Amino acid sequence: QVQLVESGGGLVQPGGSLSLSCAASGSIFSSNTMGWYRQAPGKQRELVAAITSSGDTNYAGSVKGRFFISRDNVRNTVALQMNSLKPEDTAVYYCRYWRPGLDVWGRGTQVTVSS
């Protein structure tokens with residue numbers, strides 16, 4: 001099994017920056033994908049950004065150019081740098097780890113963008 005521990009999040013003013021981190025432990029296979037999803041109140045959970053173990057990335061159109069995802073395959077961590085934050089970025093952000101036969105979610109961390 002795999003366990004995910006998220007850190008970061010909090011309250012930030014519009015235009016500000018915030019960083020999220022997620023550490024995976026357990027049965028980490030070399031080939032996997034890690035990413036961040038978010039869910040705002042009353043909305044469905046959506047992909048924010050994902051990165052494969054080989055470094056290929058995928059971003060939601062709404063965050064392209066503002067958010068940047070990275071990972072450390074030695075430490076099994078994934079980070080999300082969020083810049084130029086907007087009120088509509090407010091949501092609970094979830095870390096996800098998946099590979100064939102396994103799909104694990106973190107517990108989520110709140111990000112609030114407000115003045």
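The values are calculated or read from the model by the stated rules, or taken from the named source; none is laboratory data. Keep in mind that this is a model prediction, so the values were computed, not measured. Positions of Cβ are generated from backbone atoms using ideal geometry, with glycine treated the same way; all protein chains shown enter the neighbour counts. Heads up: the accessible areas ignore ligands, DNA and RNA and are worked out on the full protein's heavy atoms, side chains in. Shrake-Rupley method; radii C 1.70, N 1.55, O 1.52, S 1.80 Å.
Which of the residues belonging to region 43-76 are within 17 Å of LEU18 (Cα to Cα), touching a Ser or Thr at 6+ places or on another chain (Cβ under 7 Å) and surrounded by fewer than 18 Cβ atoms within 10 Å (Cβ to Cβ)? Correct list: ARG66 only.
Please count how many residues of region 33-42 are out of contact with any Lys or Arg (no Cβ under 8 Å at 6 or more places or on another chain) and open to solvent by less than 20 Å² (accessible area, probe 1.4 Å). Residues in region 33-42 being out of contact with any Lys or Arg (no Cβ under 8 Å at 6 or more places or on another chain) and open to solvent by less than 20 Å² (accessible area, probe 1.4 Å): 0 in total. Are any of the residues in region 4-20 surrounded by fewer than 12 Cβ atoms within 10 Å (Cβ to Cβ), assigned to a strand (DSSP E or B) and in contact (Cβ under 8 Å) with a residue 24 or more places away in the chain? Yes, that holds for at least one residue. Under the condition of being in a strand (DSSP E or B) and of a type in the set (Lys, Arg), which residue from region 38-81 is farthest from the chain's Cα centre (by Cα)? Ranking the candidates gives ARG71 first. Quick one: in region 82-108, of everything that is over 14 Å from TRP36 (Cα atoms) and not in a loop (DSSP other than H, G, I, E, B), which residue is most open to solvent (accessible area, probe 1.4 Å)? Filtering region 82-108 for residues that are over 14 Å from TRP36 (Cα atoms) and not in a loop (DSSP other than H, G, I, E, B), the one most open to solvent (accessible area, probe 1.4 Å) comes out as GLU88.
With the condition kept exactly as written, say whether any residue in region 69-77 is closer than 12 Å to ASN32 by Cα and touching a Phe, Trp or Tyr at 6+ places or on another chain (Cβ under 6 Å). No, that holds for no residue.
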